[in-house]
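Comments concern the structure below.
The values are calculated or read from the model by the stated rules, or taken from the named source; none is laboratory data. This is a predicted model, so every value here is computed, not measured. Neighbour counts run over all protein chains shown; Cβ positions are idealised from the backbone, glycine included.
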Amino acid sequence: MRQTRIERLTQQLQREIAQIIHQELKDPQLGFVTITKAELSKDLTHAKVSFSCLGTPEECARSQEALDRSTGFIYGLLKKRLRLRVIPRLAFRYDGSIQGAIALSAALDQLKRSSPDSSRGADAQRDAAGQ
């Protein structure tokens with residue numbers, strides 16, 4: 001039962017942080033940030049919040065700095081919104097998995113475009129098998 005409570009709190013924390021960042025945080029250094037995951041410690045005192053950022057690595061670094069500077073502000077708003085005895089301390093971490101997935105998809109698309117002969121060969125094999 002405790003595990004489901006932690007999962008519910010994690011989901012609620014992730015939603016609240018995302019809403020705060022998109023609606024109330026007005027930092028010009030903050031780029032297009034998406035909260036991808038939140039992890040709560042078992043005692044609910046610490047939270048690791050993963051985010052992704054679209055843009056150059058420099059823009060992502062500026063967004064990381066902006067989130068680090070805004071941690072206290074976000075913590076204060078969470079304290080008002082969540083009815084918990086202990087509000088977890090936040091640590092923001094960049095999540096590069098989305099950028100990796102985009103790069104992998106681009107590489108696969110490039111590979112598909114660069115070898116049109118292999119697709120014709122597959123069509124010829126299907127036609128030969130069907131006849």
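A few comments on the model shown:
- Residue-level check: of (1) crowded, with 17+ Cβ neighbours inside 10 Å; (2) in contact with a Gly (Cβ under 9 Å, 6 or more places away or on another chain); (3) of a type in the set (D, E, K, R), GLU16 misses just (2).
- The single residue among ALA106, ALA66 that is among the small types (Gly, Ala, Ser) and either at pLDDT 90 or above or closer than 30 Å to ILE6 by Cβ (or both) turns out to be ALA66.
- Unmet requirement for LEU44, which otherwise passes all of (1) within 15 Å of ARG15 (Cα to Cα); (2) out of contact with any strand residue (DSSP E or B) (no Cβ under 6 Å at 6 or more places or on another chain); (3) surrounded by 11 or more Cβ atoms within 10 Å (Cβ to Cβ): (1)
- Evaluating HIS22 against the criteria (1) touching a residue at least 12 places away in the same chain (Cβ under 8 Å); (2) under 15 Å from the mean Cα position of the chain (by Cα) leaves one unmet condition, (1).
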